Structures are given as structure tokens and as C-alpha cells.
Amino acid sequence: MARKKIVAGNWKMNTLPAEGVELAKSVVAGRGEVCECVNFIVCPPFTHLAQVIEQVKGSDIAVGAQDCATEAKGAYTGEVAASMIAALGCKYVILGHSERRQYYGETSESLNKKMAQAYANGLTPIYCVGENLEEREAGNHFAVCKAQIEEVVYNLTEEQFASLVIAYEPVWAIGTGKTATAEQAQEIHAYIREVLRAKFGAAAEECPILYGGSCKPSNAAEIFAKEDVDGGLIGGAALKAEDFLAIGKGF
């Protein structure tokens with residue numbers, strides 16, 4: 001069974017509501033130029049999830065949130081529950097992004113709670129793993145990714161795992177001037193699949209693993225050609241509809 005091909009755009013803390021609506025409109029307008037085999041996902045800020053969802057209605061473009069709370073509801077000022085995201089019509093939620101781990105102290109403990117909330121509300125997690133520069137240069141990249149998977153993904157049921165998306169982020173190659181080669185991407189993606197296979201067996205062959213390291217129209221085809229790379233989690237290039245769609249043409 002062929003794995004899903006996914007191009008997901010993480011808009012991060014960019015775009016005001018009107019800008020986000022225009023960006024979504026442009027993605028919808030150009031969608032027909034890209035193979036239907038590619039699954040597009042856009043992940044705007046919380047403030048305009050509803051408007052973007054409205055804008056992509058009638059298309060096959062899915063919408064995801066960039067995070068969700070560890071708790072279902074209650075006195076958690078500033079938090080956004082998975083149930084709230086799902087009620088808007090979101091299908092996906094990014095969890096464990098390197099920026100959340102680095103700046104906001106996310107741990108496997110909190111991510112296990114977030115994963116449980118996502119599944120309880122019918123959301124598909126895009127679970128991020130990856131090592132920073134210090135860990136890569138010390139040769140610990142395999143161990144870091146393995147731990148991030150074992151401590152969270154291994155706690156999923158087989159049914160939950162069947163809908164999971166993994167995104168590998170080489171944190172050391174994002175905004176540092178260093179670049180991960182397509183071969184390096186394939187090496188770590190293949191290793192991640194091996195770690196998944198150890199727990200979930202043949203089901204690991206169907207889990208999409210996205211590359212999240214400065215993927216652009218110029219390098220997408222080379223990276224996506226690798227056997228274990230099933231698409232990309234796109235940052236900066238997702239903020240221009242033309243570039244975002246061009247990455248989808250990399251398949």
C-alpha cells in the first residue's frame with residue numbers, strides 16, 4: 001500500500017487574519033496544478049483557523065492547528081483545547097515541534113497528554129522529532145530521535161498509530177546556514193521507520209514521515225525522491241502560495 005504524500009505548511013506566528021485568508025485563497029486557486037495524489041495541509045495561527053477553514057471549504061486542502069493543550073478544559077488561561085480546534089473543523093494538529101520543545105519546555109510527559117487529547121477529539125497528530133546541532137555533532141541524532149519516539153509514540157494503540165504522521169526536523173539545519181543533504185534525510189527517515197517497525201511491525205510501512213528541514217521548491221524533488229521521505233513540513237516557503245504549491249510538484 002502506497003504511503004500518503006503530504007505537504008504541510010506550518011505558518012508559525014505569521015500572517016494576520018486577512019493575510020491568512022488571502023494565502024489560503026491562493027493555495028486553493030493553484031491546487032489544480034498539482035497531482036491529486038498530494039495531500040495539502042495548512043496550519044495557520046489559532047486566531048484565524050476558522051476563517052481559513054471556511055476559505056478552503058469545497059477543496060481537498062485540510063487544516064491543522066500548530067499545538068493544543070494538555071488538558072480537556074478548565075482554568076488554563078491562554079490555552080486552546082483539542083476539542084475547540086476540532087469543533088472548528090481542524091483535521092490535524094502539530095505536536096512536539098522543535099520550537100515548542102526549545103522555547104516552551106515541552107517534554108515527553110506533556111506530549112503524551114497532548115497526543116491523548118488529539119486522539120480523543122478525532123485529530124490526527126503530526127508528531128515532530130529531531131536533534132539540534134550539538135546533538136548532531138556529538139553523533140547522538142539517532143538516540144535523540146529514538147527516545148522521542150519511544151517515550152511518546154510507543155504509548156499509542158495500533159489503531160491510533162495507524163493515523164499518525166511523523167515529521168523529522170533537523171533543528172541544526174534550520175536557519176543555521178548548514179544544510180541537510182537528501183542522503184542525510186533518507187538515512188534518518190529510514191532509521192525512524194526502523195524504530196517504528198520495532199514496535200508496530202508492518203504498520204510502520206504505512207506511516208508517513210515528513211522532512212522538516214528548510215524544504216524549498218529548489219530541493220523538494222531531490223528530497224522527496226528518497227524512499228522513506230513522504231513529504232514535507234514546510235515553514236517559510238509555506239507563506240508564499242506559489243512556493244508551497246511548487247514543493248507539492250516535487251513528487
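Key figures for this structure:
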| quantity | calculated |
| --- | --- |
| Verdict on G235 being closer than 26 Å to Y119 by Cβ and either basic (K, R) or out of contact with any helix residue (DSSP H, G or I) (no Cβ under 9 Å at 6 or more places or on another chain) (or both) | yes |
| Residue ranges of helices (runs of 4 or more DSSP H) in the stretch 144-251 with at least 1 members buried (at least 20 other Cβ atoms within 10 Å of the Cβ) | 182-200, 220-224, 241-248 |
| Test: residue in the stretch 178-186 that is within 18 Å of R101 (Cβ to Cβ), of a type in the set (A, V, I, L, M, F, W, C), touching a helix residue (DSSP H, G or I) at 6+ places or on another chain (Cβ under 7 Å) and in contact (Cβ under 8 Å) with a residue 12 or more places away in the chain | no |
| Given (1) more than 18 Å from the chain's Cα centre (by Cα); (2) at pLDDT 95 or above; (3) not in a helix (DSSP H, G or I), number of the condition G122 does not satisfy | (1) |
| Restricting the stretch 44-87 to residues that are out of contact with any strand residue (DSSP E or B) (no Cβ under 8 Å at 6 or more places or on another chain) and closer than 24 Å to V34 by Cβ, the residue that is surrounded by the most Cβ atoms within 10 Å (Cβ to Cβ) | Q55 |
| Given (1) on the phi < 0 side of the Ramachandran plot; (2) in contact (Cβ under 8 Å) with a residue 60 or more places away in the chain, index of the condition G130 fails | (1) |
| Yes/no for P170 being modelled with pLDDT under 95, of a type outside the set (K, R) and closer than 19 Å to G235 by Cα | yes |
| In the stretch 3-18, residue farthest from the chain's Cα centre (by Cα) [restricted to those that are within 14 Å of F224 (Cα to Cα) and either aromatic (F, W, Y) or not in a strand (DSSP E or B) (or both)] | R3 |
| Residue count, the stretch 133-152 (criterion: of a type in the set (S, T, N, Q) and touching a residue at least 24 places away in the same chain (Cβ under 8 Å)) | 1 |
| For A75: the one exception among (1) touching a residue at least 24 places away in the same chain (Cβ under 8 Å); (2) in a loop (DSSP other than H, G, I, E, B) | (1) |
| Residue, nearest to the chain's Cα centre (by Cα), within the stretch 29-56, restricted to residues that are outside any helix (DSSP H, G or I) and over 19 Å from I94 (Cβ atoms) | C37 |
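Every residue, every condition in (1) charged (D, E, K, R); (2) in contact with a Pro (Cβ under 9 Å, 6 or more places away or on another chain); (3) more than 20 Å from G175 (Cα to Cα), yes or no:
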{"residue": "E206", "(1), (2), (3)": "yes, no, yes"}
{"residue": "L210", "(1), (2), (3)": "no, no, no"}
{"residue": "P217", "(1), (2), (3)": "no, no, no"}
{"residue": "A220", "(1), (2), (3)": "no, no, no"}
{"residue": "A225", "(1), (2), (3)": "no, no, yes"}
{"residue": "G235", "(1), (2), (3)": "no, no, no"}
{"residue": "A238", "(1), (2), (3)": "no, no, no"}
{"residue": "A241", "(1), (2), (3)": "no, no, yes"}
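The values are calculated or read from the model by the stated rules, or taken from the named source; none is laboratory data. Only a predicted model underlies this, so the values are computations on that prediction, with no experimental measurement involved. Positions of Cβ are generated from backbone atoms using ideal geometry, with glycine treated the same way; all protein chains shown enter the neighbour counts.
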